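Novice: A single structure is presented below for examination.
The values are calculated or read from the model by the stated rules, or taken from the named source; none is laboratory data. Please read these numbers as outputs of a predicted model, since none were measured by experiment. Counting neighbours? That spans all protein chains shown, and the Cβs are built from the backbone with ideal geometry, glycine included.
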Amino acid sequence: MQHEVHHQEVPVNAVTVRNLPPGVAKAVKEKARKEKLSLNKAIVRLLEEATGVEKGKKKVVHHDLDRFFGTWTKEEADAFDEAMREHRQIDPEMWK
C-alpha cells in the first residue's frame, strides 16, 4: 500500500507559543514598551528581524553601548584613534 503526501503551503495567520522562556518574554515586553507596540506586533517585528524578512528593511538601532558614549576625554579618544590608525589601513594585496 502506498500513500501519496501532497504538501500545500498554508498561510500561518495565528500561532500559539508555549513555554516561552522568561528571558524571551522579558525581551518581547521590553521591545513593545520601547517602541510603543502591542505584544503581538513586537513578536512579529522580532521574528521579522531574526529571519531577515522585515518589512522595509528598517535598520535596527542597538543601545547596549549608549552608557559609554561621551565618557572618554579628548586625550583618551585621540590616543585610541592613534593606536587604531595602523589597523585601519587597507592592504590592496589582500583584496586581489
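Novice: Need pairs with beta-carbon distance below 9 Å; first residue more than 16 Å from Val17 (Cα to Cα) and modelled with pLDDT of 90 or more and within region 36-63, second surrounded by 10 or more Cβ atoms within 10 Å (Cβ to Cβ) and among the aromatic types (Phe, Trp, Tyr); sequence gap 6+ or separate chains.
Specialist: Nothing qualifies.
Novice: Here's something else I'd like to know. Could you check how many residues of region 15-35 are assigned to a loop (DSSP other than H, G, I, E, B) and surrounded by fewer than 10 Cβ atoms within 10 Å (Cβ to Cβ)? Lay out the reasoning, then the answer.
Specialist: First, pick out the residues of region 15-35 that are assigned to a loop (DSSP other than H, G, I, E, B): 15-21, 35.
Cutting the leftovers down to surrounded by fewer than 10 Cβ atoms within 10 Å (Cβ to Cβ) gives us 15-19, 21.
Looking only at that region, the number is 6.
Novice: Out of all the residues in region 76-88, is one or more of a type in the set (Lys, Arg), loosely packed, with under 10 Cβ neighbours inside 10 Å and more than 17 Å from the chain's Cα centre (by Cα)?
Specialist: Checking region 76-88: at least one residue is of a type in the set (Lys, Arg), loosely packed, with under 10 Cβ neighbours inside 10 Å and more than 17 Å from the chain's Cα centre (by Cα).
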